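Enquirer: If you scroll down you'll find the structure; I have some questions about it.
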Amino acid sequence: MTLSRAFLSAALLLAAITLPEHKATGQIYKIAAMNTRQIQALDLQRTVVVIPGGILEEHGPYLPSYTDGYAIERYTQELANAIAARPGWVVLLFPQIPLGNDPANTIGAKRVFPGSYPVRMATVRAIYMDVANELGDQGFRWIFLVHNHGAPNNQKALNQASDYFHDVYGGAMVNLFGLRPVFECCGTKNKFLSPEARAEEGFTVHAGADEHSQLLLLRPELVAPDYRQAESLTAHNFADHVRIAKAGGWQGYFGAPRFASAAMGAQEFLSSSHKLNEVALQILDGLDCKKIPRYADEMDPLNVAGEQAELDHERVIEKRELDWLKSHNLQ
């Protein structure tokens, strides 16, 4: 596809994707609005609980801290539509859980950063395990987690909670963005950016041109207009990310936000959403999710950006909390 054709296609996608959001109707229900009779009437073998996640995480001076959450809202909506389009299937939308672990500022060992409000990895795991218990005890068999925050510790927590549900209840709880085919989709920047722009964007894992493009599509009113004047912070590998993030005055992003566009965001969203939905539907059709590679499992030996140091820090925080509880006889 030529560059001009790519932009034309993206413009059409942009027009479609930015239509007013659908409300939960038909075979899509919001569990928060349901009473006990309605929940008890569900066919649990054909009901999929979809739980959108999120994290309040700094995204630099141009994007809101809930950047991931806004994207997850739309991914969840499109996934629900795809499932509900299948005869006999019902989607049960869980309220969004705006909690995650290991924000990007920890790459530079900056534990405190404006806009980041994480919880411990153990907390993320416990939250989803607790929810898994309640859903499993009530007989639900299908749970899809939609949480695109890519920090390995965050993804491992979601994977472990999913494995727990599978082993204890025999159902399928799947961290969809943790699956390699979904996480590694879709190479949109290679189609939209020139070789020079791609070189300037470099290897980026956080708040680069791609995430700025996504928000320009989904919530343009929340993107600071001076992103076009952003200094480029080019990295070639994880070691460069650590070096950049540790520098004094680091503003919380990598790459070249100035190359962002709503058109690129539209193409990326469509491709990623399509892959997410495709894999989810394949799982409902019988694909064994345990056989799909998970990217965080393969990163275990690498400790790519200080994950172990972050876990050590979290243990210090946990001890402080437990010591306080013990001192007040609250354990």
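Enquirer: When you look at Asn277, is it among the polar types (S, T, N, Q) and modelled with pLDDT under 95, yes or no? Even if it seems obvious, please write down each step before you answer.
Expert: Values: among the polar types (S, T, N, Q): yes; modelled with pLDDT under 95: no.
No; evaluated as a whole, the condition is false for this residue.
Enquirer: Next question. Going by what's in this entry, would Phe183 be described as among the aromatic types (Phe, Trp, Tyr) and under 13 Å from Ile51 (Cβ atoms)?
Expert: When the stated conditions are applied, Phe183 does not pass them.
Enquirer: Does Arg37 qualify as being charged (D, E, K, R), at pLDDT below 95 and more than 29 Å from Val124 (Cβ to Cβ)? Steps first, answer last, please.
Expert: Working: charged (D, E, K, R): yes; at pLDDT below 95: no; more than 29 Å from Val124 (Cβ to Cβ): yes.
No.
Enquirer: Right, another one. Taking the conditions exactly as written (among the β-branched types (Val, Ile, Thr) and assigned to a helix (DSSP H, G or I)), does Val205 satisfy them or not?
Expert: Details: among the β-branched types (Val, Ile, Thr): yes; assigned to a helix (DSSP H, G or I): no.
Criteria not met by Val205.
Enquirer: Are any residues in the range 163-188 among the β-branched types (Val, Ile, Thr) and in contact (Cβ under 8 Å) with a residue 60 or more places away in the chain, and if so, which ones?
Expert: We begin by selecting, within the range 163-188, every residue among the β-branched types (Val, Ile, Thr); these are 168, 174, 182, 188.
Within the range 163-188, Val174, Val182, Thr188 meet the criteria.
Enquirer: Consider Gly248 carefully, then state whether it is in a loop (DSSP other than H, G, I, E, B) and free of Cβ contacts under 8 Å to residues at least 12 places away in the same chain. Steps first, answer last, please.
Expert: Details: in a loop (DSSP other than H, G, I, E, B): yes; free of Cβ contacts under 8 Å to residues at least 12 places away in the same chain: yes.
Yes, satisfied.
Enquirer: Failed condition for Lys275, given (1) surrounded by 14 or more Cβ atoms within 10 Å (Cβ to Cβ); (2) under 24 Å from Ala161 (Cα atoms); (3) without any contact (Cβ under 8 Å) to a residue 60 or more places away in the chain, with all others met?
Expert: (3)
Enquirer: Quick one: which residue in Ala262, Ala280, Ala245 is aliphatic (A, V, I, L, M) and either surrounded by fewer than 15 Cβ atoms within 10 Å (Cβ to Cβ) or farther than 24 Å from Asn154 by Cβ (or both)? Let's see the steps before the verdict.
Expert: Working: Ala280 fails: either surrounded by fewer than 15 Cβ atoms within 10 Å (Cβ to Cβ) or farther than 24 Å from Asn154 by Cβ (or both); Ala245 fails: either surrounded by fewer than 15 Cβ atoms within 10 Å (Cβ to Cβ) or farther than 24 Å from Asn154 by Cβ (or both).
Step by step, each of Ala262, Ala280, Ala245 is checked, and only Ala262 is aliphatic (A, V, I, L, M) and either surrounded by fewer than 15 Cβ atoms within 10 Å (Cβ to Cβ) or farther than 24 Å from Asn154 by Cβ (or both).
Enquirer: Oh, and also: Among the numbered criteria (1) crowded, with 23+ Cβ neighbours inside 10 Å; (2) touching a helix residue (DSSP H, G or I) at 6+ places or on another chain (Cβ under 6 Å); (3) under 24 Å from Pro64 (Cβ atoms), which single criterion is violated by Arg219?
Expert: Exception for Arg219: condition (1).
Enquirer: List every residue pair whose Cβ atoms sit under 7 Å apart, with the two residues 6 or more apart in sequence or on different chains, where the first one lies in the range 131-158 and is at negative phi and the second, anywhere, is modelled with pLDDT under 95 and of a type in the set (D, E, K, R).
Expert: Hits for this filter: Ala151/Asp102; Pro152/Glu307; Asn153/Asp102; Asn153/Glu307; Asn153/Glu310; Asn154/Asp102.
The values are calculated or read from the model by the stated rules, or taken from the named source; none is laboratory data. Note that the structure is predicted; figures quoted are calculated from it, not measured. Quick reminder, even Gly has a Cβ in these numbers, built from the backbone with ideal geometry, and neighbours come from all protein chains shown.
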